[in-house]
Amino acid sequence: MKPLNIGMVGYGLMGRAHTNAFRQANQFFSLGHRPVLKAVCGRDGKKAKAFAKNWGYESVETDWKALVARPDIDLIDIAATNNVHAEIALAAAKAGKMVLCEKPLGMSPSESLKMVNAVEKAGVANMVWYNYRRAPAVTMAKQLIEEGKLGKIFHYRAKFLQDWTISADVPQGGAGTWRLDASVSGSGVTGDLLAHCIDTAMWLNGGIESVTGMTETFVKKRKNALTGKKQEVLIDDASAFLARFNNGSLATFEATRYARGHKALYTFEVNGEHASLAWDLHDLHRLEWFDHRDEGNVRGWRSIHLSESEHPYIEHWWIPGVQIGFEHTFTHQVADFIAGLDSGEPARPNFRDGLATDYVTDAVLKSAKTGRWTKVKQA
Ligand SMILES: NC(=O)c1ccc[n+]([C@@H]2O[C@H](COP(=O)([O-])OP(=O)(O)OC[C@H]3O[C@@H](n4cnc5c(N)ncnc54)[C@H](O)[C@@H]3O)[C@@H](O)[C@H]2O)c1
């Protein structure tokens, strides 16, 4: 088995999720490469060292440039805030490293396009961490759609609801609240939450042709956590849009951090000529399914519990009836990435797929400003 030497930047929420996946993938999947946790990079050396000790990294860097320059690193994994994705990815590609990057790919489509060009020119393996594709129920939705079980698709409906920024006392900027600072995040819920919904939607239902959106910033000024000064809030707190897919189906998308009671309620539903399906992140091991072709007396929505070996990824885990969860989506992504290296058929979503999503979020934000339907650039 060949070693795959990992250098990861950022040791926050996603740093933990990725590292867990790097450690788990070979225990459960039969793969030709094994991730080796060579180095973690964080600006605070003491915290980075503590992370390295807890998670088993061999070494620590405090400057990502030093990490990228290391000859013993094969792959740079970007688990840092959005504002540094592009510069790290460009340098990593130039150094001939494989690059995994968190979503959204860039702060803007022009940044993302540069990232796509860099990895494609360097010919290095690349992937974006849109992990929800690899929840077994979402993968099964993809299989059912590809098998034609839904028939012609008419509607796609997605929501991603949270409630953690309702208080005007929540600051912007700094470690826990960088998502509210546009100079670090790029945008608000459009690039953060809707990006997930859009990636899944285009994977399941093809490209989006045009959108019309609206956004709102409910709290106009917040204290900056780093400077203590009150500043204008430049992110979108809530965002909703209508979309037309290239296949003629219609869609609605909504995301907000102001839906009291909802913590991470990512849901989608697809309605086809013969059947409909629905998924809910709070119950991620289930796929809701309605098939009009069932006999009338027993026809109805059924809730499929994905824990049988027939279900995607499940044969690698436990026993029927016992479900898997959020962290497994990342493990599946690592396993598929490595399987792509082994077979020469690269796993997706790649950087170009990430750019396609960024083109949609950009069109939504532009449309929200102009109040007009906006064509989506195709990646
Ligand atoms: N795929 C998902 O489900 C998912 C979920 C959450 C976050 N994300 C994405 O993951 C990324 C990280 O989010 P998070 O929730 O882990 O944030 P976080 O705040 O928990 O961690 C961010 C990390 O980036 C580090 N960082 C920032 N600038 C750096 C620099 N110049 N050099 C080195 N390290 C630097 C911070 O120190 C911190 O360790 C973001 O792009 C976010 O959009 C994806």
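Each reported figure results from applying straightforward, stated rules to the coordinates on display, with no laboratory input. Computed from a predicted structure; not experimentally measured. In this analysis, Cβ positions are derived from the backbone assuming ideal geometry, glycine residues included, and neighbour counts consider all displayed protein chains.
What to note about this one:
- Within straight-line reach of LYS221, meaning a Cα separation under 15 Å, sit the following aspartates and glutamates at least 8 residues removed in sequence or on another chain: ASP169, ASP181, GLU232, ASP236, ASP237.
- Here's the picture: charge each Lys and Arg Cβ at +1 and each Asp and Glu Cβ at -1 in the chain, and of ALA95, GLY321, TYR266 the one pushed furthest to the positive end of that dipole is ALA95.
- Net charge contributed by nearby residues that have their C-beta within less than 15 Å of LEU265 (K/R +1, D/E -1): -1
- A cut-off under 10 angstrom between Cβ atoms defines the neighbours of ALA125, and their net charge, with Lys, Arg +1 and Asp, Glu -1, is 0.
- Ranked list, fewest to most other Cβ atoms within 10 Å of each Cβ, for ASP237, ASP280, ASP72, ASP169: ASP169, ASP72, ASP280, ASP237
- The lysines within cross-link reach of LYS375, meaning a Cα-to-Cα straight distance under 18 Å and a gap of 8 or more places when in the same chain, are LYS366.
- Backbone N under 11 Å from the HIS155 label point (7 Å along Cα→Cβ), restricted to region 228-260: 250-252
- Looking at the chain alone, DSSP beta bridges between its own residues are antiparallel in about 60 percent of cases.
- Here the Karplus curve 6.51 cos²θ - 1.76 cosθ + 1.60, taken at θ = phi - 60°, turns the phi angles of region 263-279 into couplings of 9, 7, 8, 8, 10, 9, 9, 10, 10, x, 4, 9, 8, 10, 9, 8, 9 Hz, with x standing for Gly and Pro.
- Among THR19, THR370, THR215, THR252, the ranking by other beta carbons within 10 Å of each residue's beta carbon, starting with the fewest, stands as THR370, THR252, THR215, THR19.
- Cα convex hull of region 7-70 - mean projected area over all directions, nm²: 4.4
- Sorted by Cβ neighbour density within 10 Å, fewest at the top, the residues PHE330, PHE22, PHE351: PHE330, PHE22, PHE351
- Applying the criteria of a DSSP loop state and at most 12 other Cβ atoms within 10 Å to the trypsin sites (Lys or Arg not before Pro) of region 168-271 yields LYS220, LYS229, ARG260, LYS263.
- Filtered trypsin sites (Lys or Arg not before Pro), region 287-355: DSSP coil and at most 11 other beta carbons within 10 Å: ARG293
- Rounded if a/c under 1.5, otherwise prolate or oblate - region 130-181, Cα gyration tensor axes: prolate
- Neighbourhood net charge (14 Å Cβ-Cβ; Lys/Arg +1, Asp/Glu -1) for THR227: +3
- Three-way shape call for the chain based on the alpha-carbon gyration tensor, with the a/c threshold at 1.5: oblate
- Restricting region 90-179 to GluC sites (Glu not before Pro) that sit in a DSSP loop and have at most 15 other Cβ atoms within 10 Å of their own Cβ leaves GLU147.
- Taking each of LYS152/LYS263; LYS53/LYS103; LYS38/LYS159 in turn, the alpha-carbon distance tops 29 angstrom for LYS152/LYS263; LYS38/LYS159.
- The three principal axes of the Cα atoms in region 122-222 give end-to-end lengths of 49, 38, 26 Å, sorted in falling order.
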